[in-house]
1. Hey, what do the phi angles of the range 98-114 turn into as Karplus ³J(HN,Hα) couplings, whole Hz, using 6.51/-1.76/1.60 and θ = phi - 60°, x for Gly and Pro?
2. Using the basic label-point model (7 angstrom from Cα toward the beta carbon), what is the D14 to E70 distance in nanometres?
3. Would any residue of the range 51-79 have its amide N under 18 Å from a label point 7 Å out along Cα→Cβ of A25? List them or say none.
4. Pick out which of P54, P37, P113 has the largest mean-square fluctuation in a Gaussian network model of the chain, springs linking Cα atoms closer than 10 Å.
5. Once you place label points 7 Å from the Cα toward the Cβ at K115 and I94, how far apart are they in nm?
6. Kirkwood hydrodynamic radius, computed over distinct alpha-carbon pairs, for the chain: how many Å, to one decimal?
7. List the trypsin sites (Lys or Arg not before Pro) within the range 1-70 that DSSP assigns to loop and that have no more than 15 neighbouring Cβ atoms inside 10 Å.
8. Please state the shape class of the range 84-125: rounded when a/c is under 1.5, otherwise prolate if a/b exceeds b/c and oblate if not, all from the C-alpha gyration tensor.
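What follows is calculated from the coordinates using simple rules that are stated; it is not laboratory data. Remember, predicted model here, so these are calculated numbers, not experimental data. As a convention, Cβ positions derive from the backbone with ideal geometry for all residues, glycine included, and neighbour counts pool all protein chains shown.
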Amino acid sequence: MLVARAEIMLTDSDAIKSAVDKLVAFADAGADCLYAPGARRKEDITTIVRAVAPKPVNVLMHGPGLTMAELADLGVRRISVGGALARVAWGAVIAAAEKLRGGNFEGLASAAPGKVMNGMFSRFND
């Protein structure tokens, strides 16, 4: 699968016309899936979906905002989260370390139980 990205909206959130022009050109050149990381507004996502239809559109979610159901209703067929899960994990590590620096262990309270972790990793042995 060839996924084509128009990254201009990462630096200019109002560059929807330029992003759409690039995505349409990528679709015409044979790209299988299109996306413009940085597209967050419903109207921008809808514009992209319509411009490249019937090709599927990916949306990069790196924080709260639209739900999966809302994205599906807009016509999005692929969702990615990039490095967001790693940033969530690092946020938890930093918060726990700050509590340790303050002299207490409260930051360890939200840790996943060992049993849960072992169960998750044991599935990789199948």
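1. Taking θ as phi minus 60°, the curve returns 5, 5, 4, 4, x, x, 9, 10, 4, x, 8, 5, 8, 5, 5, x, x Hz for the range 98-114.
2. 2.3 nm
3. Hits in the range 51-79 for A25 at 18 Å: 51-53.
4. Per the Cα network of the chain with a 10 Å cutoff, P113 tops the list.
5. Going from the K115 label point to the I94 one covers 3.3 nm.
6. 17.1 Å
7. Taking the range 1-70 and a limit of 15 other Cβ atoms within 10 Å, the loop trypsin sites (Lys or Arg not before Pro) found are R41.
8. In terms of gyration-tensor shape, oblate.
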